[in-house]
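Read-outs: derived from the displayed coordinates by stated rules, not from any lab. Note that the structure is predicted; figures quoted are calculated from it, not measured. Cβ: placed from backbone, ideal geometry, glycine included. Neighbour counts: every protein chain shown.
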Amino acid sequence: MTQTQMIIEHLKSGNALTPIEALQKFGCFRLAARISDLKQLGHEIETKSIKFENGKSVAQYSLKAKQ
């Protein structure tokens, strides 16, 4: 299974994903590129910025909720 396939399965399971988690779980160093690939395939993925107490932030990706 490719990284892209593992990532979309993770997101379809209702989980969100940050770049650090993608590296730990899937060995993926370029999560933003994989997310871009998934968006080009038609998946609706939203990006949320998670801020830490030290002022730094990281992107968190999840599938958009179906309405």
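Can you say whether Ile20 is surrounded by 13 or more Cβ atoms within 10 Å (Cβ to Cβ), aliphatic (A, V, I, L, M), in contact (Cβ under 8 Å) with a residue 24 or more places away in the chain and in a helix (DSSP H, G or I), as far as the supplied structure shows? Working first, answer last.
Details: surrounded by 13 or more Cβ atoms within 10 Å (Cβ to Cβ): no; aliphatic (A, V, I, L, M): yes; in contact (Cβ under 8 Å) with a residue 24 or more places away in the chain: yes; in a helix (DSSP H, G or I): yes.
When the stated conditions are applied, Ile20 does not pass them.
Out of all the residues in the stretch 54-65, is one or more of a type in the set (D, E, K, R) and not in a loop (DSSP other than H, G, I, E, B)?
Scanning the stretch 54-65, I find no residue that is of a type in the set (D, E, K, R) and not in a loop (DSSP other than H, G, I, E, B), so the answer is no.
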TODO: Identify, by number, the condition in (1) out of contact with any strand residue (DSSP E or B) (no Cβ under 8 Å at 6 or more places or on another chain); (2) surrounded by 14 or more Cβ atoms within 10 Å (Cβ to Cβ) that Thr2 doesn't meet.
DONE: (2)
Task: Where a residue in the stretch 52-66 is closer than 20 Å to Leu23 by Cβ and its partner, wherever it lies, is of a type in the set (Gly, Ala, Ser) and part of a loop (DSSP other than H, G, I, E, B), with Cβ under 7 Å and at least six apart - done: Gln60/Ala16; Tyr61/Ala16; Ser62/Ala16
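Looking at Arg34, Arg30 in this structure, which one is surrounded by fewer than 14 Cβ atoms within 10 Å (Cβ to Cβ) and free of Cβ contacts under 8 Å to residues at least 60 places away in the same chain?
Arg30
Mind counting the residues in the stretch 27-53 that are under 16 Å from Gln3 (Cβ atoms) and in a loop (DSSP other than H, G, I, E, B)? Break it down stepwise before answering.
Kept after step one, since they are under 16 Å from Gln3 (Cβ atoms), are these residues of the stretch 27-53: 27-41, 43, 45.
Filter again for in a loop (DSSP other than H, G, I, E, B), leaving 27-30, 41, 43.
Qualifying residue count for the region: 6.
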